[in-house]
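Asker: Would you mind keeping the following structure in view while I ask a few things?
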Amino acid sequence: MPNRKKTTAFFCSECGFESSKWMGQCPSCHAWNTMVEAPVVPASAKAAAAGKSFGLSEGRPRPVSLREVDDAAELRWKSRYDELDRVLGGGIVQGSMILVGGDPGIGKSTLLLQVTRNLAADGRNVLYISGEESLHQIKLRANRIGEVPDNLQFMCETDLDTITEILLETKPELCVIDSIQTMVSGAVSAAAGSVSQIRETTSVLLRLAKQTGITFFIIGHVTKEGTVAGPRVLEHMVDTVLYFEGDRYASYRIIRGVKNRFGSTNEIGVFEMRREGLAEVANPSEYMLSGRPEEASGSVVSCTIDGTRAMLTEVQALVCRSNFGFPKRQATGTDFNRVSLLMAVLEKRIGLPLSEYDAYVNLAGGIRQSEPALDLGIAMAIISSYRNRPVGDKTIAFGEVGLSGEVRMVNMADTRVAEAAKMGFTTCILPYSNLRGVKQHDGIELIGVRSLKDVAEVIN
Ligand SMILES: Nc1ncnc2c1ncn2[C@@H]1O[C@H](COP(=O)(O)OP(=O)(O)OP(=O)(O)O)[C@@H](O)[C@H]1O
Ligand SMILES: [Mg+2]
């Protein structure tokens, strides 16, 4: 009788869920249209791979109590980029595996080339494995960023077995895989970039990392295509996940921690893409506010928080009489529904006839933020544009707006006020209930507001 054993299965490209039949929605993560067919690794091959210990550790493990485990100090390397080190929770943890995801062309290879260059300059041995570019192309990029030390070495290879052999032979302290979608393992017959290849190659690298102590940076492409697995499948397997993002039309790039086993998430680091590579932006508020119009109506500065970092953002609104029966609304960089809701609240609670007006709201500089603390800034920008009265160059506003028009408390108000004071603002409009938690900062007057009615009086 012929062997009818199924050799393919369906995997969810978002979470890696495995199923014998195709489904429109993944039962595990509820994502739609993410199941892709891929060959199954035979159990024997899986077992052999799992047992493969790269000849480094012998024998079976035994259960131990934590007292028997040595108190190894958590060793971290500094990348010389404070922006990145902060996102990582204080530096790169030795022996960890860090996934850097991002859209094509955003600058992932440039970032890692610069980081590994700094680590190599501090005496670390680094191997940069590229499956995408030739050595010639890498050299062109390296020429852009400057001098590269000799202990940062490069290799173009996609075969995982060869890579494993070379890593065991050369034992670098740090290894970059650029990118995981191009790596292929002989144990799986699927194409490079498929879910099963990505899972297999990452799990081999993970075992290698845990057994040899090599620190890995893995680059992953984010694609929306169902057939190519995005790095989401890997997120469960690695220690740290960073996303590198930015606006296509702006030169700043933001690195965001999404998962971190060795530090908090939500932190962001800001870089700027220049001709000579990525440069840190130590003061993003200044960067975001540069080029702000003076004494213009419809422009209000607000403050958002990412992790521990406060950042000032300019909210712009343009409100003009609608020529059609159906007024147009547009939100760029912030949540459209939130803007519609705020306009409804303004209409109902302070009587602005906004249903006869078109409104455009924009966060300047191409930044994207949807924190509720921006509400007050957006509402004030709309009022200011409607009345054609500037709010004042040195005024900043933050607070959440509720459906009754009340201005509600937000977290970390003191950090926000401190950032505004540091940037030279002289007036801060904030929720009344936040006043008690804010210390006195030099040169800035605090105005607590309870509702949008109070705000409407401030902009006269
Ligand atoms: N001479 C230059 N001046 C300014 N920016 C440049 C210059 N050369 C390249 N760049 C920037 O670097 C980006 C490419 O960087 P990089 O190759 O590191 O991206 P990547 O994320 O690794 O891309 P891929 O997805 O193709 O691997 C370009 O999109 C561009 O923004
Ligand atoms: Mg690249």
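Asker: Lone cysteines in the chain, defined as no other cysteine's Cβ under 4.7 Å from theirs: which are they?
Answerer: Cys156, Cys175, Cys303, Cys320, Cys428
Asker: To two decimal places, what compactness ratio does the stretch 352-460 give when its Cα radius of gyration is scaled by 2.2 N^0.38 Å?
Answerer: It is 1.05.
Asker: Given H placed 1.01 Å from N in the peptide plane, which residues other than close sequence neighbours of Asn260 have an amide H under 5 Å from its amide H?
Answerer: Val241
Asker: In the chain, what percent of the accessible surface is made up of carbon and sulfur (1.4 Å probe, ligands and nucleic acids excluded)?
Answerer: Within the chain, the accessible surface is 50 percent carbon and sulfur.
Asker: Another question, if that's okay. What is the sum of charges around Val126, taking Lys and Arg as +1, Asp and Glu as -1, for the other residues whose C-beta is under 9 Å from the C-beta of Val126?
Answerer: After counting each charged neighbour, the total is +1.
Asker: Let me ask you something else. Enumerate the amide H contacts of Cys156 below 5 Å, restricted to partners 5 or more residues apart or on another chain; note that Pro and chain-start residues carry no placed amide H.
Answerer: Ser130
Asker: Restricting the count to DSSP beta bridges whose residues both fall in the stretch 287-458, what percent are antiparallel, rounded to a multiple of 5?
Answerer: 60
Asker: May I ask you to work out the translational diffusion coefficient for the stretch 256-344 at 10 °C, viscosity 1.306 mPa s, via Stokes-Einstein with Rh from the Kirkwood sum over Cα pairs, reported in whole µm²/s?
Answerer: Here the translational diffusion coefficient equals 98 µm²/s.
Asker: If we sort 91-103, 236-248, 194-206 on the protection proxy, mean other Cβ atoms within 10 Å, highest first, what's the order?
Answerer: 194-206, 91-103, 236-248
Asker: Continuing with this model, one more query. If you plug each phi of the stretch 423-438 into the Karplus form 6.51 cos²θ - 1.76 cosθ + 1.60 with θ = phi - 60°, what whole-Hz ³J(HN,Hα) values come out, in order, with x for Gly and Pro?
Answerer: 8, x, 7, 10, 10, 10, 9, 9, x, 4, 5, 8, 4, 5, x, 9
Asker: Could you give the dipole magnitude of the stretch 294-350 about its Cα centre, charging the beta-carbon of Lys and Arg +1 and that of Asp and Glu -1, in debye to the nearest 20?
Answerer: My answer is approximately 360 debye.
Asker: I'd like to know which of Phe336, Thr304, Ile367 lies farthest towards the positive end of the charge dipole of the stretch 287-458, counting +1 on Cβ of Lys and Arg and -1 on Cβ of Asp and Glu.
Answerer: Phe336
Asker: May I pose another question? If you rank Ser264, Ser302, Ser451 by how much accessible surface each has, with a 1.4 Å probe, what is the order from largest down?
Answerer: These residues rank, largest area first, as Ser264, Ser451, Ser302.
Asker: Can you give the calculated 222 nm mean residue ellipticity of the chain, where each DSSP H run of n ≥ 4 adds -39,500 (n - 2.57) and the sum is split over every residue, rounded to the nearest 500 deg cm²/dmol?
Answerer: -8000 deg cm²/dmol
Asker: Within the chain, which DSSP H helices have Cα atoms that stretch 24 Å or more along the helix axis and a mean Kyte-Doolittle hydropathy of at least -1.0?
Answerer: Taking the DSSP H segments of the chain (at least 24 Å long, mean hydropathy at least -1.0), we get 195-212.
Asker: Sticking with this structure for a sec: Taking each pair of distinct Cα atoms in the stretch 418-460 once, what is the resulting Kirkwood hydrodynamic radius in Å?
Answerer: Computed over Cα pairs of the stretch 418-460, the Kirkwood hydrodynamic radius comes out at 11.0 Å.
Asker: Same structure, new question: Heavy atoms of the protein only, probe of 1.4 Å, neighbouring chains included. What is the accessible area of Glu165 in Å², nearest 10?
Answerer: Result for Glu165: roughly 120 Å² accessible.
Asker: Between the stretch 281-332 and the stretch 131-203, what is the C-alpha centre distance in whole Å?
Answerer: Here the answer is 42 Å between Cα centres.
Asker: Within a Cβ distance under 11 Å of Tyr432, other residues only, what is the Lys/Arg minus Asp/Glu net charge?
Answerer: +1
Asker: Report Tyr128's accessible area, 1.4 Å probe, all protein chains in place, as a number in Å² to the nearest 10.
Answerer: Its heavy atoms expose roughly 0 Å² to the probe.
Asker: With charges set only on the Cβ (+1 for Lys and Arg, -1 for Asp and Glu), what does the dipole of the stretch 148-262 come to about its Cα centre, in debye to the nearest 20?
Answerer: 580
Asker: Can you work out the accessible area per residue across the chain, with the rest of the protein chains kept in place, probe 1.4 Å, in square angstrom?
Answerer: 48
Asker: Right, next: I'd like the accessible area for Asp159, computed on protein heavy atoms only with a 1.4 Å probe and all protein chains in place. Round to 10 Å², please.
Answerer: 50
Asker: What's the magnitude of the charge dipole for the stretch 131-199 around its Cα centre, counting Lys and Arg as +1 and Asp and Glu as -1 at the beta-carbon? Answer in Debye, nearest 20.
Answerer: In total the dipole reaches around 240 debye.
Asker: Pop out the Kirkwood hydrodynamic radius of the stretch 75-282 from its pairwise C-alpha distances, inverse of mean 1/r, in Å to one decimal.
Answerer: 17.0
Asker: Would you mind checking the pairs Lys139/Lys210; Lys78/Lys210; Lys21/Lys108; Lys78/Lys259 and listing those with alpha carbons more than 28 angstrom apart?
Answerer: As for pairs spanning more than 28 Å Cα to Cα, those are Lys139/Lys210; Lys21/Lys108.
Asker: With no solvent and one equal point scatterer per Cα, compute the Debye intensity ratio I(q)/I(0) for the chain at 0.13 Å⁻¹ and report its log10, rounded to two decimals.
Answerer: Ignoring solvent entirely, the Cα scatterers give -1.15.
The values are calculated or read from the model by the stated rules, or taken from the named source; none is laboratory data. Everything numeric here is computed off the predicted structure, so don't read it as measured data. Glycine gets a Cβ as well: all are built from the backbone with ideal geometry, and neighbour counts include every protein chain shown. Note: areas computed on protein heavy atoms with side chains; ligands, DNA, RNA excluded. Shrake-Rupley method; radii C 1.70, N 1.55, O 1.52, S 1.80 Å.
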